[in-house]
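Right, one structure below, let's go through it.
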Amino acid sequence: MEIMANLRSILGHLTSTQKEDHALVEKAYSFAERAHKDHTRYSGEPYFTHLASVADMLAEMGMGPKTVAAALLHDVVEDMGVTPEAIRDEFGPEILFLVEGVTKLGSVRYHGTDRHNESLRKLFVATSEDIRVLMIKLVDRLHNMQTLEHVPKEKQPRIARETLEIYVPVAHRLGMGRIRKELEDLAFPYVYPEEYKKVNALVAPDMKDALEKLEKLRKTLQKKLAASMKDFKTHYRVKGMYSLFRKLERREWDMSHIYDLYAIRIIVPSVDQCYQALGIVHQMWRPLPQRVKDYIAFPKPNGYQSLHTTVITNDKVILEIQIRTEQMHKESEFGVASHLIYKDVQVGQTAANRMADLIPMLFRPFLWRRAAETPAVTTNKEYNIEQVPEWIKEIAEVNKNTKDTGDFVAELRGDFFSHRIFAFTPKGDVIDLPIGASVIDFAYAIHTDVGNHTASAKVNGKMVQLHKELGNGDIVEIYTKPSNKPNAKWLNFTKTGLAQRHIRQSIADARNAERPSI
Ligand code: MN
């Protein structure tokens, strides 16, 4: 279901009504439309439809005008050869920064080795530097997944798997439930075609009836609640196919052990009313024992808050009820992004800039290299730290005694990025190296023969000296010559034991070869 987005719908979705905000988006729109003229997608549609769709979704999520403008421009540098200078001149440094951030992230690619997935996820988050870059990239991927059917068959599985291995966990850990679910369900049939068929066969036959029943139950509940409260909403949801698949795997594929296939959500104005609604639900339908979960008092690690209960209705439907406030709901759908939205509405025009300060500040502890330089939470006079939700504060807090070692965020805020860098091969393979590593270290990390015969190298498209120290995100191209050999000087500018061992070995071999044999 592809939505045709145009300038009108994008502007219509913008939270801001400021003239200059609309003018900015309009300018980016026509700039991108011109740049991508004659450029088509696999579907045969104009390429620009992709940019308009991504921008439209971000505007709908409540992202600010700069993010929306950057979304429109996110492919002009890489695909259309528009220079960074041109973007800076037209749109200023902040939008250029966002566009370049998205471009850089484009080089993080999944190459089918599970071993590196966690590094890739971290790299992905670290490379973003600004949460808005990550938002654009996630929505970019979402639209690419929505249109994956048009991509050549042989490319589909890799893209879908990358989505599942890299994008989904990142979305999940940032608490972005809606995007996570959509990405999972779009990738599922491509990555696990057999399992997808199996799950589908289990749920599809009853689905139509179930949805009708659900709508009836929702209406009944709505009426009952209306007798004691106001300003609340109810809607139902069906569990995503992929998350159902994961649960079925843990429950021996027995559907009778799945209690949350269908859920009704109740969204109320206050926390008090959450508990009040729970009481009403339990008087109406019998709760299953030990299925009441208070994630308001005890939020999940990614910040998720709600009350959950499982009930059995009078006509024997097992139903999960999720009760939460509007703010909790936004957080569960958009995670970190919901705070961008929230701020935008709260402080209006200045929010975008403040957010630009705030988010990198909060995430800085795990950004590479800056970890050592920047205290975790600086007392930023401009920003009242009290307004930051607890779980985001926790991300920023450097707590050395953290026990939850399996925690992504905990690992990120550790010293991982202060010791390692990631560089890429031209194909996008990630090479993980210690800080201070050179072109030579990189060459040996690829293959001993490449290291032993390195003649010259390019970093980010420019010829460099072999002792060139690599930075995070550098794209490195090694040129070899069969006659080239390591020399002792190389030892001075290599950091990895691997490279040094091979250099010594090669020098020793060469000496032995010179010695006359007896
Ligand atoms: Mn794109």
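The values are calculated or read from the model by the stated rules, or taken from the named source; none is laboratory data. Owing to the predicted nature of the structure, the values given are computational and were not obtained by experimental measurement. Every residue, glycine among them, receives a Cβ derived from its backbone with ideal geometry; neighbour counts consider all protein chains shown. Side chains included, ligands, DNA and RNA excluded: accessible areas come from the protein's heavy atoms. Shrake-Rupley method; radii C 1.70, N 1.55, O 1.52, S 1.80 Å.
Could you identify the single residue in T17, T83 that is over 23 Å from the mean Cα position of the chain (by Cα) and closer than 25 Å to G473 by Cα?
It is T83.
Looking only at segment 42-55, which residues are surrounded by fewer than 16 Cβ atoms within 10 Å (Cβ to Cβ) and either acidic (D, E) or within 16 Å of D79 (Cα to Cα) (or both)?
Y42, E45
Would a scan of segment 186-198 turn up a residue that is crowded, with 20+ Cβ neighbours inside 10 Å, part of a helix (DSSP H, G or I) and among the small types (G, A, S)?
Yes; the residues of segment 186-198 include at least one that is crowded, with 20+ Cβ neighbours inside 10 Å, part of a helix (DSSP H, G or I) and among the small types (G, A, S).
Before we move on, is V191 in contact with a helix residue (DSSP H, G or I) (Cβ under 7 Å, 6 or more places away or on another chain) and within 30 Å of V168 (Cβ to Cβ)?
In short, yes.
In the list A126, A86, which residue meets the criterion of being more than 16 Å from the ligand (Cβ to nearest atom), small (G, A, S), modelled with pLDDT under 90 and out of contact with any strand residue (DSSP E or B) (no Cβ under 8 Å at 6 or more places or on another chain)?
A126
Among the numbered criteria (1) within 16 Å of the ligand (Cβ to nearest atom); (2) at pLDDT below 75; (3) buried (at least 21 other Cβ atoms within 10 Å of the Cβ); (4) of a type in the set (A, V, I, L, M, F, W, C), which one does L120 miss?
(1)
I'd like to check which strands (runs of 3 or more DSSP E) are fully inside segment 430-483 and have at least 2 residues that are of a type in the set (F, W, Y) and in the same structural domain as R504 (by TED's automatic domain parsing).
none
Just wondering, is there one or more residues in segment 247-257 that are aromatic (F, W, Y), under 23 Å from H329 (Cβ atoms) and open to solvent by 50 Å² or more (accessible area, probe 1.4 Å)?
Checking segment 247-257: not a single residue is aromatic (F, W, Y), under 23 Å from H329 (Cβ atoms) and open to solvent by 50 Å² or more (accessible area, probe 1.4 Å).
Counting only residues that are open to solvent by 10 Å² or more (accessible area, probe 1.4 Å) and within 12 Å of the ligand (Cβ to nearest atom), how many does segment 61-79 have?
Result for segment 61-79: 4.
So if I check each of L214, L183, which one is among the aliphatic types (A, V, I, L, M), assigned by TED's automatic domain parsing to the domain that holds V317 and either in contact with a strand residue (DSSP E or B) (Cβ under 8 Å, 6 or more places away or on another chain) or under 23 Å from S306 (Cα atoms) (or both)?
L214
Every residue in segment 192-223 that is of a type in the set (A, V, I, L, M) and out of contact with any Asp or Glu (no Cβ under 9 Å at 6 or more places or on another chain), please.
Once the filter is applied, which keeps residues that are of a type in the set (A, V, I, L, M) and out of contact with any Asp or Glu (no Cβ under 9 Å at 6 or more places or on another chain), segment 192-223 yields V199, A201, L202, V203, A204, M207, A210, L211, L214, L221.
Which condition number does G44 fail, the rest of (1) under 17 Å from V151 (Cα atoms); (2) within 15 Å of the ligand (Cβ to nearest atom); (3) not hydroxyl-bearing (S, T, Y) being met?
(2)
Looking only at segment 264-295, which residues are under 11 Å from Q322 (Cβ atoms) and either at pLDDT below 95 or open to solvent by 70 Å² or more (accessible area, probe 1.4 Å) (or both)?
Listed by number, the residues that qualify are K293, Y295.
From L7, L58, L11, L24, which residue is under 21 Å from K104 (Cβ atoms), out of contact with any Leu (no Cβ under 7 Å at 6 or more places or on another chain) and either open to solvent by 20 Å² or more (accessible area, probe 1.4 Å) or aliphatic (A, V, I, L, M) (or both)?
L58
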